[in-house]
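Novice: Can you keep this structure in mind? I'll have questions shortly.
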Amino acid sequence: MNWPAEAIWEAVYPLLPDFTVEVLPQIDSSNSELMRRIRAGRCEPTLLVAEQQTAGRGRMGRDWHSQVGDSLTFSLALPLTPADWSGLSLAVGTSVVGSLHPDLQLKWPNDVWLQGRKLAGILIETAGAGEQRCAVVGIGINIAPRADNGLSTPPAWLQEVLPGIDAGQALLRIAAPLLQALKLFERSGFAPFQAQFDQRDLLRDRAVNLSNGTVGMARGVDAQGGLRVQTPDGMQTVTSSEVSVRPAALQAE
Ligand code: BTN
């Protein structure tokens, strides 16, 4: 696979001078690798592309399966010191869909969906490296159709809306805007992303079941990225660390 590593570096390094791009043919998980480096005290801004992950990880302890050539799996590590971390994954999702296609939607807190099926997932982790706080933003995107892997809901893939796009081209579209979004988030938190999130919000005005037992109607997100749910007991705001959400008419993540 030909990765436009130099073009990505040229687009990103004006925003982040020490930035490097690395492509590994195989690794357990690009997130795990960057987290190991951070725990060893290294938090240089790095975009790590994994052509193959042998132990890709999703949110809430799930596995993330992908096949070589059919998907884009990468992680971005960088020092980040926002005053408030809440809403970071929503800001990242908003940036990713904005870079790719107007038909993509966001399922709170950070899944990318296309026409009722999941297209991409985001896993954000943080750790301290010495005095610094570092974030690892991991993104997995289905690019091409793949063999049925037994999921009850078949996944979506990017070539459905962008015929012929490959993983490298998708990464080139995503990388620089993502960096810009992270810088904006660091300065101003989630608030500047709220209106864009709203436009892509898959759950808005849908009935939802939350894993904590709450049932209600999703009513958008607040300025910190919390999901507002109208319940029989009044409006509740939930944060993504607390729950997962199942839209009543759709399958779970
Ligand atoms: C989810 O939907 O649960 C999040 C999936 C995140 C997958 C990406 S693929 C690149 C990076 N490395 C990982 O092990 N996970 C993330």
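Novice: Taking the stated definitions as given, is Gln230 under 30 Å from Pro14 (Cα atoms), surrounded by fewer than 16 Cβ atoms within 10 Å (Cβ to Cβ), modelled with pLDDT of 95 or more and among the polar types (S, T, N, Q)?
Specialist: In short, no.
Novice: Of everything in region 135-150, what is more than 16 Å from the ligand (Cβ to nearest atom) and modelled with pLDDT under 75? Give them in sequence order.
Specialist: Step one: list which residues in region 135-150 are more than 16 Å from the ligand (Cβ to nearest atom), which gives 145, 147-148, 150.
Correct list: Ala147, Asp148, Gly150.
Novice: Just one of Leu104, Leu100, Leu76 is within 15 Å of Pro177 (Cβ to Cβ), crowded, with 17+ Cβ neighbours inside 10 Å and near the ligand (Cβ under 10 Å from one of its atoms); which is it?
Specialist: So the residue among Leu104, Leu100, Leu76 that is within 15 Å of Pro177 (Cβ to Cβ), crowded, with 17+ Cβ neighbours inside 10 Å and near the ligand (Cβ under 10 Å from one of its atoms) is Leu76.
Novice: Starting from residues that are at negative phi and small (Gly, Ala, Ser), keep the ones in region 178-215 and report whichever is farthest from the chain's Cα centre (by Cα). Talk me through it step by step, then tell me what you get.
Specialist: Here is the first cut: in region 178-215, the residues at negative phi are 178-188, 190-204, 206-212, 214-215.
Narrowing the set further to residues that are small (Gly, Ala, Ser) leaves 181, 188, 191, 195, 207, 211.
Details: Ala181: 12, Ser188: 19, Ala191: 18, Ala195: 18, Ala207: 24, Ser211: 21 Å.
Only one residue tops the list, namely Ala207.
Novice: Failed condition for Ser86, given (1) within 16 Å of the ligand (Cβ to nearest atom); (2) farther than 16 Å from Asp201 by Cβ, with all others met?
Specialist: The number of the failed condition is (1).
The values are calculated or read from the model by the stated rules, or taken from the named source; none is laboratory data. Keep in mind the model is a prediction, meaning the values are calculated, not measured. Cβ sites come from the backbone with ideal geometry, for glycine too, and all protein chains shown count toward neighbours.
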